[in-house]
Amino acid sequence: MEPRAVIDSLDVGVAAIAPDWTIVEWSAPATRITGLRADQVLGRNFWTAFPGARGSNVERTLHEVLLDGEPRTYLTSAPVPELASRVLETRVTRGPRNHLVLLLRHLRDEPSVDSRTGQLLAATEVERRLYAQLFSAVPIPALIVTADAQILDANPAGGELLGVADTRALRGRSLADWAPPTQRAALAGVLRDAITKAQRARLTIEVGGESPREVEAVIENLEGRDSDAKLLLLAVDVSREVLLQRKLLQSDRLSQLGALVSGVAHELNNPLAAIAAFAEVLKVDAATADQRESADVIHLEAMRAGRVVQTLLDFARQRPRVRQPVDLKDVADRVIALHKSALRKARVQAVVVIDDSTPAVIGDPQELQQVLLNAVVNAEQAIAAQGRPGKVFITARRMEDHVVLLVEDTGPGIPPEILDRVFEPFFTTKGDAGTGLGLAISYGLVKASGGRMYIHNLEGGGVRLGIELPIDPAQAAPATAGGFKRAERPLSVLVVDDEESVRRGLIRMAERLGHRVASAPSFAEAILQLKAADARFDALLLDVHLDEANTGFDLFDTLRQEGRGRERHVIFTTGDSMSVKTRDLLQQAERPLLKKPFNLEELREVLDRVAGE
């Protein structure tokens with residue numbers, strides 16, 4: 001009979017352990033008695049297969065047999081939960097070449113609970129089960145590891161942290177496999193120090209296809225010294241907290257930037273308003289085609305600079321969500337203008353193909369601009385990561401009662417296994433460079449607008465981000481493309497602005513429209529002109545931030561208190577961002593607002609409207 005057949009025909013289980021603690025034999029009866037299959041133990045380290053043996057009577061018995069060669073016996077419970085009530089007797093002998101031979105048998109006549117042995121076994125089993133239940137029930141990741149980072153056991157939360165559903169598959173693996181290469185030496189040092197003193201450490205856990213996880217770990221030596229130490233590692237995943245801290249820091253910086261931009265905007269928009277005003281008047285009055293072309297370029301560039309400043313203000317300030325008709329072509333042009341420098345540096349060409357006939361959509365213009373900017377930034381970064389030039393295409397088309405806005409790039413695409421997760425908060429593939437909030441926030445903003453967002457890879461490379469938005473049912477009339485027409489009738493206009501160049505520019509614009517214009521550089525001068533006996537003004541252009549002592553609202557309140565109705569002729573102007581207080585005052589005043597810089601047609605329209613009230 002073959003030796004294998006003989007061993008498998010015995011009533012007892014047979015196991016053999018090599019000098020390096022590798023299990024080299026596991027008979028069929030051993031499987032039947034312990035509940036462990038041969039493929040679960042053969043070739044594995046004994047202490048990995050049986051982590052509970054470390055530091056117990058089992059370890060002591062095995063070492064004593066190796067030392068003196070005298071056979072010994074120990075009692076344990078079965079190693080699998082299904083057979084935990086089964087008591088096993090293991091006879092250990094030393095074989096050839098220092099192999100340990102284990103003979104395992106099931107004690108059919110279990111010791112009576114009245115006997116001393118039975119009481120000890122019962123107490124030990126109760127304690128073992130209690131600790132096993134506590135270890136599994138701990139809601140945070142818990143690992144038992146050796147000083148050299150070998151995993152002996154893990155609870156379900158620990159398996160989830162490491163991305164392994166069956167925690168038994170972790171036994172024998174090194175925790176360093178989940179640490180970034182740059183942190184493995186530090187991990188080894190922390191585990192080594194934990195043998196003599198409890199340690200606290202910040203660790204990074206990397207799981208394939210996911211963002212790195214930051215954990216706060218507490219490491220305590222349960223028993224043993226040096227290489228025999230069994231360390232308990234408790235970890236708390238603080239990835240979300242870290243990202244929130246970064247987000248708060250970023251928000252704080254953006255808040256500071258917003259305050260800075262708000263101040264700078266006033267200093268930029270006022271000279272831009274003067275430049276645009278004089279340029280447009282020069283264009284209208286130009287004697288030659290060359291003069292007209294030069295003035296037109298100056299005017300267009302001044303207006304473009306004003307739009308860039310306004311875009312920065314829109315991003316910097318906080319305001320309530322609004323729902324209004326939004327021109328997607330205008331949004332796309334603003335986004336590309338804002339991000340032009342970064343696109344150029346990344347060698348990315350932006351192509352906008354949105355027909356003028358594309359209907360307006362309903363939404364918040366600032367939020368939709370944020371959504372599109374995030375999409376363009378993502379596309380630019382994806383292309384830049386390839387190290388070669390690429391393109392971003394922005395197109396739009398009508399689909400029944402929606403407009404579909406598409407952003408496509410020529411980047412590498414998104415790995416299929418993570419494509420379904422890109423809209424999850426805090427999920428990022430950019431490491432420390434990303435917050436994992438861009439697409440998640442965009443998804444929420446589009447949904448709040450009554451639309452939807454989707455993403456998929458393009459054949460041959462690249463990504464397509466689709467944004468569906470509801471069409472504006474009212475379909476507001478398109479803005480005038482250019483040019484102007486004279487006022488319906490000449491008006492008497494008072495311009496009140498403390499910036500001389502702006503004031504002179506507004507005077508020239510109003511005069512070019514055919515109006516009679518007076519001006520005042522301050523609150524006090526404006527009051528003097530308004531108190532004059534012959535003062536008859538059809539419209540008053542008031543700067544919101546009038547001078548150091550007074551605002552345009554102070555002059556508005558003065559007119560309202562006199563009770564002659566002249567406050568109804570007020571038109572406010574501003575080149576600054578609007579605080580919550582300013583917006584509230586404008587709403588209370590219920591008067592129109594012109595944002596600097598503005599053109600002749602905008603000025604004509606608002607003056608005609610106010611004069612007709």
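Comparing Cα centroids, segment 162-185 and segment 536-602 end up 66 angstrom apart. Dipole magnitude for segment 174-219: computed about the Cα centre from +1 point charges on Lys and Arg Cβ and -1 point charges on Asp and Glu Cβ, it is near 240 debye. Think of segment 563-604 as a dipole: +1 on every Lys or Arg Cβ, -1 on every Asp or Glu Cβ, centred on the Cα centre; then among GLY575, GLY563, PRO592, GLY563 lies furthest on the positive end.
The order of the peptides 525-533, 54-62 by mean Cβ neighbours within 10 Å, most packed first, is 54-62, 525-533. Normalised by the number of residues in segment 1-71, the mean separation of alpha-carbon contacts (under 8 Å, six or more apart) gives a relative contact order of 21 percent. With 32 Å as the limit, write out which pairs from LYS283/LYS345; LYS283/LYS595; LYS283/LYS329; LYS391/LYS596; LYS391/LYS581; LYS345/LYS581 have Cα-Cα distances beyond it, or answer none. Flagged as over cut-off: LYS283/LYS345; LYS391/LYS596; LYS391/LYS581; LYS345/LYS581. Listed by chain and number, the aspartates and glutamates whose alpha-carbon sits under 17 Å from that of LYS531, ignoring those within fewer than 8 places in the same chain, are ASP554, ASP557, GLU562, GLU567.
All of the numbers you see were taken from the coordinates with simple rules; none came from a lab. The shown structure was predicted, so the numbers you read here are calculated from the model rather than taken from an experiment. All Cβ positions, glycine included, derive from the backbone under ideal geometry; neighbour counts span all protein chains shown.
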